[in-house]
Every structure is written in C-alpha cells, then in structure tokens.
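Colleague: This is the structure, below, for whatever I ask next.
The values are calculated or read from the model by the stated rules, or taken from the named source; none is laboratory data. These figures come from a predicted structure and were not determined experimentally. When we count neighbours, we look across all protein chains shown, and the Cβ atoms used for this are built from the backbone with ideal geometry, even at glycine. What goes into the accessible areas is simple: the full protein's heavy atoms, side chains included, and nothing from ligands, DNA or RNA. Shrake-Rupley method; radii C 1.70, N 1.55, O 1.52, S 1.80 Å.
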Amino acid sequence: MEDKYSSNSGNQHGSRGNFVTILSIDGGGVRGIIPGVILAYLESQLQELDGEDARLANYFDVIAGTSTGGLVTAMLTAPDSNNQPLYSAKDIVPFYLQQCPKIFPQPRGLFAGLIGTLKAFAGPKYDGKYIRTLTREILGDLRLHQTLTNVVVPTFDIKKLQPVIFSSYTQAEKNSTMDALLSDICISTSAAPTALPPHYFENQGDAFNLIDGGIAANNPTLVAISEVTREISNHNSGSDDPMDLRRVLVVSLGTGARKNEEKYDAKTASEWGVVGWLYATPSPLLRAYNQATSDMVDFHNAVFFKALHSQHNYLRIQDENLSGDMVNMDMATTENLENCVRLGEELLSKPVSRMNCQTGVYETVENGGTNSESLKKFAKLLSEERKLRLQSCS
C-alpha cells in the first residue's frame, strides 16, 4: 500500500518512532461543531510548536470519523491543488455555522413542530439534496487513496445488513471496489436514518446501499485501533517483533450525550408496546441502542488502556450532560449552533475524565488537569514524534 504518511512524518506504521497516532471523531450531526472547537485548539498548539503550516493530517497515522465525524475527517485529509488539506482545523466551526442551516433547514411558523413530526412519518425529514451537492462540489473526483494520511470511515449496508468500513488500510489498490469517491463515502456515513435518505452508488462494478456509520460505530475509536493493529500485524507477519499496543496514542472526541438525565424504569416500560418503545419522542429503544453502542466502545478502551498501564496514552473528551435543543443532531438554529460552540469551549476548561471500568461512569482523573492542558501535552508528543520520524528518514 502507498506509504502516504511517509511524506508527513516519516513512516506510516510508526515503527521508526515511539507511537502509532490515532485521531477519532464521533458522529452527531450539527454537534460536529463540538469536536471542531477542540480540533482547532489542538492544531493551534501544534502550530505554536512547529509553525503556522502545521496541520493535523501531518501528525496522525490515521484519522477516523463516523457520520459528521466522517465529514470532518475528509475536510482534514482531502488534498487541495498544493497537496495540502482542503481545510485547516480552524475552518471547521465556521463551515458548520454556515452550512448546517442549509443541510437541516428548520420548519418555521406556528405548526413547525407538527410539520417536522409528520415529515418524519412520511419519509426522511430532509431530502439530502443540499449536502450531496455541497459534498460533491468540495471533494470533486478525489478518492479514498488520495487522502493525505490514512482514514477510517464506518458506514452500514442495509441490503447486505453488515458494516462497510472505508479504510485506507484495506483498499490496497487504486482500482479496488473500496477505493470510492470521498464524496460518496461522506454522503453515506452521514445518511442518518429518518433524517437523511440512504445513499446508493456503484464503484468498479460493486453496488453499495449505505446509511449512517453510527449504526455500526458512532464512536469509531475501536474500529481505528483494529484497522491499525491488523495492518501492522500483516506488515510484521513472520517477524519476531510484534506490535507493542502500549505505543498506541489516541485522541478520541465525542459530540456529547444526555446520559445524566432521568432514566426510564422497568415498571413504566412494562406497559409499553411497539408505540412506546419505538415511537415515543425520543424513542426509548433507539436511545438505549445508541447509548449502549457508544458506551461499549468507551468501556473497551478504558479496559484496554488500563490493562496496558498506558491510560495516559488515551484522551477521551466527551460531555455527558446534554439537554434541550442540543440533544437533537439536526437542530440547526443559530442559537443551538452557538451553544455547541460554547460547549466545545467549556470542554477545554473541564477536567480530564475517564470511564470507571467497574461502574461505567465517567470520573475526573486525579491530578489529570484540564482537557486543554492534556491536549497541550499530546501536541508536544505529536510534535516530537513527527520530528523523530523525519530525522529517521533524513
């Protein structure tokens, strides 16, 4: 496979450095603004260390993103005419503020809420035409193999009923059926059921019927780690030098959850039928499913890094207390979008937290400092890693 990372940091697999570096971005619709704020801060810290031309794609072996995180991944890794990222991290929030109201146009008037509910029963809430046109205009004919560093973007095929992972690690040849247009990948991973229509496309004779990657992995951290592990295992096949998983360095960014609100109880749920489980607003079944899949990834990562005594190599930034309009992934009002910006900024000043493997609850890390302080430390590690790799190539 093309060693695309070598031009940035010296070695795609990190074998000449100290770490294998992973950036992961959750799905969450308009709440992609939240990780956008954090990414802008991280990139600014790298620029303080290495100059204003520093970009996140120069520092991560792989960037993984689901749904809105997949869009951000493409923005950070798709090349422009000068073989630089189409967008810097500081461009993400302004892009979302400008485009989200057009992707998710809000109904107006006295019966706006009723209109939205009726549309949800009749078909997708939004026709998806704007996001498809916008994505194709921005990404043009760029394909998966052209990204500036490795990417991993989950989707789900509703015809085959199985996840489809678009990964730089598994499309070894440019004519592979998985070497799809980046625009098709982004449209697919963001096609949230009930909100946007599924995406059908063909590539090299293979047909895809895809919806939101959040069905498979709303938090793609575990998928990214698995892809890297498999790639390095294949690369070292027959070698007596297996991959040391303690060298994995991960920054995982969430888009918020409303976990810490009043829960349902068994007595109440015992009276529910199909309507109660599926069609209440919000749907208890869908809420439980979405929360469970995200929590299982967090739980695995907490156990994984604790078992390796390398908790300091894993930074998860997530808010567990969403409320009001921020809960809705398509609430693209000016007020809500600005609240997403504020939440991202507030997260930077909050203490680092980590899931307790026994209780499943996020707890403040003793002497862990704030998220911004931790990001500064990660920026220093990333900068040192890149310099080490460049030296090994000189």
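Colleague: Of the conditions (1) exposed (fewer than 14 other Cβ atoms within 10 Å of the Cβ); (2) at pLDDT 95 or above, residue 150 clears all except one; give me its number.
Modeller: So the condition that residue 150 fails would be (1).
Colleague: Of all residues being open to solvent by 60 Å² or more (accessible area, probe 1.4 Å) and in a loop (DSSP other than H, G, I, E, B) in the range 88-108, which is modelled with the highest pLDDT? Just the residue, please. It would help to see each step written out before you state the result.
Modeller: Within the range 88-108, the first condition is being open to solvent by 60 Å² or more (accessible area, probe 1.4 Å), and the residues that meet it are 90, 94, 97-98, 102, 105, 108.
So of that shortlist, the ones also in a loop (DSSP other than H, G, I, E, B) come out as 105, 108.
Working: 105: 93, 108: 75.
That would be 105.
Colleague: Among the residues in the range 318-339, are any under 19 Å from residue 252 (Cβ atoms), touching a Pro at 6+ places or on another chain (Cβ under 9 Å) and outside any loop (DSSP other than H, G, I, E, B)?
Modeller: no
Colleague: Identify the single condition in (1) at pLDDT 85 or above; (2) part of a loop (DSSP other than H, G, I, E, B); (3) open to solvent by 20 Å² or more (accessible area, probe 1.4 Å) that residue 264 does not satisfy, given that it satisfies every other one.
Modeller: In the conditions (1) at pLDDT 85 or above; (2) part of a loop (DSSP other than H, G, I, E, B); (3) open to solvent by 20 Å² or more (accessible area, probe 1.4 Å), residue 264 misses (1) alone.
Colleague: Being surrounded by fewer than 23 Cβ atoms within 10 Å (Cβ to Cβ) and at pLDDT below 95: is that true of residue 115 here?
Modeller: So residue 115 fits the description; yes.
Colleague: Residue by residue through the range 380-394, note down the ones that are under 25 Å from the mean Cα position of the chain (by Cα) and open to solvent by less than 60 Å² (accessible area, probe 1.4 Å).
Modeller: Passing the criteria: 381, 382, 383, 385, 386.
Colleague: A further question follows. Could you identify the single residue in 303, 297 that is of a type in the set (Val, Ile, Thr), part of a helix (DSSP H, G or I) and either under 15 Å from residue 30 (Cβ atoms) or in contact (Cβ under 8 Å) with a residue 60 or more places away in the chain (or both)?
Modeller: Criteria check complete, one pass: 297.
Colleague: I would also like to ask the following. Would you point out the residue of the range 343-379, among those that are surrounded by fewer than 13 Cβ atoms within 10 Å (Cβ to Cβ) and not in a loop (DSSP other than H, G, I, E, B), that is modelled with the highest pLDDT?
Modeller: Only one residue tops the list, namely 349.
Colleague: Of the residues 323, 310, which single one is open to solvent by 70 Å² or more (accessible area, probe 1.4 Å) and modelled with pLDDT under 95?
Modeller: Exactly one residue qualifies, and that residue is 323.
Colleague: Please count how many residues of the range 177-206 are surrounded by fewer than 23 Cβ atoms within 10 Å (Cβ to Cβ), free of Cβ contacts under 8 Å to residues at least 40 places away in the same chain and of a type in the set (Gly, Ala, Ser).
Modeller: Within the range 177-206, residues that are surrounded by fewer than 23 Cβ atoms within 10 Å (Cβ to Cβ), free of Cβ contacts under 8 Å to residues at least 40 places away in the same chain and of a type in the set (Gly, Ala, Ser) number 1.
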